[in-house]
1. Filter region 6-27 down to the residues that are in a loop (DSSP other than H, G, I, E, B) and at pLDDT 95 or above and list them by number.
2. Counting only residues that are in contact with a helix residue (DSSP H, G or I) (Cβ under 7 Å, 6 or more places away or on another chain) and hydrophobic (A, V, I, L, M, F, W, C), which one in region 44-68 is farthest from Q122 (Cα to Cα)?
3. Are any of the residues in region 131-153 more than 17 Å from the chain's Cα centre (by Cα) and modelled with pLDDT under 95?
4. State which residue is farthest from I45 (Cα to Cα) when the search covers only region 86-101 and only residues that are in contact (Cβ under 8 Å) with a residue 24 or more places away in the chain and of a type in the set (V, I, T).
5. Give the residue, chosen from L177, L184, that is of a type in the set (A, V, I, L, M) and in contact with a helix residue (DSSP H, G or I) (Cβ under 9 Å, 6 or more places away or on another chain).
6. Going through K113, K176, K148 one at a time, which residue ends up being part of a loop (DSSP other than H, G, I, E, B), closer than 26 Å to R19 by Cβ and assigned by TED's automatic domain parsing to the domain that holds I93?
7. Check off (1) in contact with a strand residue (DSSP E or B) (Cβ under 9 Å, 6 or more places away or on another chain); (2) surrounded by 15 or more Cβ atoms within 10 Å (Cβ to Cβ) for N182 and give me the number that stays unchecked.
Amino acid sequence: MKRPFKLDSRLNLCASFVRKGVKVADIGTDHAYLPVWLCKKGIAISALACDIGQEPLQNALNTIYKYNAENLVETRLCNGLAKVNDNEAQDIIIAGMGGETIAEIIDAWQFAKNKDKHFILQPMTKSDELVNFLYKSGFEIIEQRCCKERKIYTVMLVTYTGNIQNVSKEFTYLGKLSPKENPLDREFLQMEIRNLENKAKGNKEYEIVAENLKKEL
C-alpha cells in the first residue's frame, strides 16, 4: 500500500480546517489529492471528489486507485454541490475558484444553511465579493489564515449562523486576518491594497478603502 503523499501549502491549509471523523465533499477536486489524503490519514471517514469535468474526474480516479482509496473516496460528476445530499458531507471544501463562483455554489445548495456544516473556502480571486456574499447571507468566518505556494493564498473556515450582516468594504478585504501578528496575513493584505490602488485610477472609492486598510498593517 502506498503511503499518503504530502500536500502543498495551499491544500495543507485547507486540510487543517477539516474536522476529524467527518464526511467531506471536495468541490472542483481535479486530481482528488485532498480527499484521498484526508481519508488515508484517518481525518475524514469518507469523501466525495466532485468536479464538473470528466477529465478531472478521471485524474481523480487515477489518484484514488493509486492509493487504494476506492472504499473511501467516491467521484461524482456534478456542477458544484448539485448532486451532494445533506447526509453525504459535513465539511465542504471549495478551493481554487473565483470568489464569485464559490458564492454561487454555496447559494445554490439547498443544504448550505445548516449550522452543523463547515465550509473551507479558498478563493483564487474576488475574495472580497465572497466575504460580502457570506455575511449578507447569514454565514460567518470562524477562522481565516494565509499560506504561500508560489503566490499568497487565503483560506476561510465558514459556517452558517443566520446572522445577516452588512460588513464594511474594508472588512471584505481584511476578513478575520491578523496582519499585525502574522507575516503571511500582512503579505496578503498588502497584495489586496496594491490591487485596490490600481483600481483607484478609475474609482476614488478604492483609494479610500486602500488607505483605511493600510492602517491595519
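The values are calculated or read from the model by the stated rules, or taken from the named source; none is laboratory data. Please read all numbers here as calculations on a predicted model, not as lab measurements. A quick note on method: Cβ atoms are made from the backbone with ideal geometry, for glycine too, and the neighbour counts reach across all protein chains shown.
1. Matches in region 6-27: F17, V18, R19, K20, G21.
2. Here the answer is I64.
3. Within region 131-153 (the criterion being more than 17 Å from the chain's Cα centre (by Cα) and modelled with pLDDT under 95), the answer is yes, since at least one residue qualifies.
4. I94
5. Working: L184 fails: in contact with a helix residue (DSSP H, G or I) (Cβ under 9 Å, 6 or more places away or on another chain).
Criteria check complete, one pass: L177.
6. K113
7. Condition (2) is where N182 drops out.
So that you can scan it fast, the table gives a plain yes or no per residue for (1) at positive phi; (2) surrounded by fewer than 16 Cβ atoms within 10 Å (Cβ to Cβ); (3) not aliphatic (A, V, I, L, M):
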position	(1), (2), (3)
Q144	no, no, yes
V158	no, no, no
G162	yes, yes, yes
S168	no, yes, yes
Y173	no, no, yes
Y206	no, no, yes
A210	no, no, no
L213	no, no, no
